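What follows is calculated from the coordinates using simple rules that are stated; it is not laboratory data. From a predicted model like this one, the values you see are computed outputs, not experimental measurements. Every residue, glycine among them, receives a Cβ derived from its backbone with ideal geometry; neighbour counts consider all protein chains shown.
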Amino acid sequence: MAQAMKIAIVDDEQDMRQSISQWLALSGFDTETFPSAEDALKSVGTDYPGVVVSDIRMPGMDGMQFLKKLMSLDSALPVIMITGHGDVPMAVEAMRVGAYDFLEKPFNPDRMTELAKKATAARRMTLDARALRRELGDGTTIMKKLIGASPVMERLREDILDIGQADGHVLIDGETGTGKTLVAHALHAVGAKAGRKFVVVRLAGQDEDGLGIKMFGPMEEGGAQPLVEQARGGTLVLEDIESLPMALQARLLAWINDQGTPPETRVVAVCNMQEAGNVCEDALRPDLFYRLAQMKITLPPLRSRGEDILMLFTRFADQFAEEYGCAAPTVTAQEAAQLLQAPWAGNIRQLINIAERAVLQSRRGSGTISSLLMNDHEDVQPQTMTTEGKPLKEYVEAFERMLIDNTMRRHKGSIVGVMEELCLPRRTLNEKMAKYGLQRSDYL
Ligand SMILES: Nc1ncnc2c1ncn2[C@@H]1O[C@H](COP(=O)(O)OP(=O)(O)O)[C@@H](O)[C@H]1O
Ligand SMILES: [Mg+2]
């Protein structure tokens, strides 16, 4: 499940450290500062739940040595290097060694925030992927991650169990952040191939020739086995299938056709094209599309899952509050309405991010959920927010549940307090709590 994200700031100059830290904290990040690389290495390393911002010129271990050390511990850790003005060769060298990006002094605060957002999002994806990988053998744990009581979610859970047991190829599509990668893992974990090989290939942004060799061979002298071989007997996940060049589509089809039925290796193709109004079908040759889409799972955008939004927000906010050791933010009625109406272009991934920043804000005692939503949706005018296709009943129920939940928390489980505040007779309150699965003992 989503992990809290930190930003480690490493600089020998105290002023610099503090101003970076303050700026990032104001933008809603959880920062920690270190006066030297040696100090930072006591906390930052493999699986560090966050990203690093480091100065290059420091006494003792300098930024380049620090970067190399970090890359040897965890090559996927995003490290943003701060370089002196005009230090181009240094910046180039840092990128070559594996830095995520660099910032030139004096740095532009907005660029810093942008980079921090992108880097923490990338980090979260890496850690999510690692966590999923560790749980691959355990279908129940993965299924439990799929939160949501909406009919589409119930249906999705059933589909995963059914399709997981079947042995044809699967196509998953849906907007970004809707859970496609999570579902790909779940399909494997609950299926007949659980415990067998599970190989993920990212197809976007790869050079065609290199990708062809990586996927299908021929095996290079002393090189790694082709991915289709590595996945033999298990599941081969092809992320961003829409980016697969035509020539490789032909090779993939030939390989799939060679496998016979039922296929020895299951292909789970993940298509990311829905947001642009495009469909996967247009990007793939038809014969390949039909082979891959023997079974198809389309993940719904968050905005169409009205009643799940508040539940997801509350769950993630609670979880982050626990990780950060503070109280979960209370959501006002107005904020709940805004959460329900936001366009959620980044779907659940974006909601997780907002829940985390809301918790950090409330820990500092400043900021509102509204301002976070506004910040995230600056290009969106309120009138373009739509409630299209969502029954009023869903909203009202989600809202009612959230309100009772919030009030119970504030009154620490005192039924009388909640009855008074919400002007509800005891019996109605009890009935509603039972309906929404809320238990008094959870609030005491
Ligand atoms: N139904 C769900 N309930 C709770 N968390 C979810 C759900 N679906 C996805 N997530 C979480 O949302 C984030 C984005 O999901 P991911 O599978 O990476 O999306 P995609 O691959 O479609 O971009 C991940 O942290 C994932 O664990
Ligand atoms: Mg994904």
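Relative to the current alpha-carbon distance between E323 and S366, full extension at 0.36 nm per residue lengthens the span by 13.6 nm. Within the chain, the longest run free of GluC sites (Glu not before Pro) that sit in a DSSP loop with at most 15 other Cβ atoms within 10 Å is 14-219. If you build a Gaussian network model of the chain, linking Cα atoms that sit under 10 Å apart, which residue out of R155, R96, R266 swings the most? Comparing R155, R96, R266 in a Gaussian network model of the chain, the most mobile one is R96. What FRET efficiency do you get for Q259 and K68 if R0 is 45 Å and r is their Cβ-Cβ distance, rounded to the nearest 0.05? Calculated transfer efficiency: 0.55. Between G137, L299, A250, the Cα set farthest toward the positive side of the dipole of the range 136-300 (charges on each charged residue's Cβ, about the Cα centre) is that of G137.
The Cα atoms of the range 136-300 cover 50, 37, 27 Å along the three principal axes, with the biggest extent listed first.
If a spin label sat at a point 7 angstrom from the Cα of A192 along the line to its beta carbon, the backbone N atoms of the range 244-264 nearer than 15 Å would be those of 260-264. Modelled spin labels at Q334 and R155, positioned 7 Å past Cα toward Cβ, are 3.6 nm from each other. All alpha carbon pair distances within the range 6-129 were sorted into 5 Å bins beginning at 0; the resulting P(r) in whole percents reads 2, 12, 24, 27, 22, 10, 2, 0. Shown for T181, T330: other C-beta atoms within 10 Å of each C-beta, ranked fewest to most, produce the order T330, T181. Sequentially through the range 423-435, phi angles give Karplus couplings (6.51, -1.76, 1.60; θ = phi - 60°) of 6, 10, x, 3, 5, 4, 4, 4, 4, 5, 5, 5, 4 Hz, Gly and Pro residues having no value and appearing as x. Shape analysis of the chain based on the Cα gyration tensor places the equivalent ellipsoid semi-axes at 37, 34, 19 Å, largest first. Relative to its residue count, the range 303-442 spans a Cα convex hull of 112 Å³ per residue.
Cross-linked pairs K144/K393; K42/K118; K393/K432; K68/K214; K6/K42; K6/K118: Cα-Cα separations exceed 20 Å for K144/K393; K42/K118; K68/K214. Distant-in-sequence amide contacts of K296, defined by a placed amide H-H separation under 5 Å and a gap of 5 or more residues or a different chain, comprise L171. Considering helices alone, the calculated mean residue ellipticity of the chain at 222 nm is -15500 deg cm²/dmol, with DSSP H runs of length four and up weighted by -39500 (n - 2.57) and normalised per residue.
The residue list L182, A149, N278 was ranked by how far each Cα lies along the charge dipole of the range 136-300 toward its positive end, using unit charges on Cβ atoms, and A149 comes out on top. Within the chain, the cysteines lacking any other cysteine Cβ closer than 4.7 Å to their own Cβ are C326, C423.
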